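Working notes, structure below.
The values are calculated or read from the model by the stated rules, or taken from the named source; none is laboratory data. Keep in mind the model is a prediction, meaning the values are calculated, not measured. Don't worry about glycine lacking a Cβ; one is built from the backbone with ideal geometry, like all the others, and counts go over all protein chains shown. The protein model used for the area step is the full one, side chains on, heavy atoms only, and it has no ligands, DNA or RNA in it. Shrake-Rupley method; radii C 1.70, N 1.55, O 1.52, S 1.80 Å.
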Amino acid sequence: SLNIALISFSLGDPETLVQHPASMTHSSIPECDLHKFGVSPGLIRLSAGLEDAKDIIGDLEQALSSIHHLV
């Protein structure tokens, strides 16, 4: 549900990016070994970009509120 943040394998861009390491950057590591790297199945990594902070926060709030009923 994010509108500003983009899904990306690399976190080196100037835009706000998100990734799910367990299924992206660390997907080749056996699930039983992921904990050694501090990677859990629920980990989401966020790299804040150069957008206005209020816009990033608003985007995260609206995305989280859209899944609030699932929790």
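The table below gives the values:
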| read-out | value |
| --- | --- |
| Cross-chain or 6+ apart pairs with Cβ under 8 Å, the range 34-50 first and basic (Lys, Arg), then outside any loop (DSSP other than H, G, I, E, B) and surrounded by 10 or more Cβ atoms within 10 Å (Cβ to Cβ) | ARG45/VAL18; ARG45/GLN19 |
| Sole exception among (1) surrounded by fewer than 14 Cβ atoms within 10 Å (Cβ to Cβ); (2) among the small types (Gly, Ala, Ser); (3) without any contact (Cβ under 8 Å) to a residue 40 or more places away in the chain for SER8, by number | (1) |
| Odd one out for THR25 among (1) open to solvent by less than 50 Å² (accessible area, probe 1.4 Å); (2) in contact with a Lys or Arg (Cβ under 9 Å, 6 or more places away or on another chain); (3) farther than 17 Å from SER1 by Cβ | (1) |
| Subset of the range 35-57 [open to solvent by 60 Å² or more (accessible area, probe 1.4 Å) and in a strand (DSSP E or B)] | ARG45, LEU46 |
| All positions within the range 1-21 that are of a type outside the set (Phe, Trp, Tyr), assigned to a loop (DSSP other than H, G, I, E, B) and farther than 11 Å from ASP59 by Cβ | SER8, SER10, LEU11, GLY12, ASP13, PRO14, GLU15, HIS20, PRO21 |
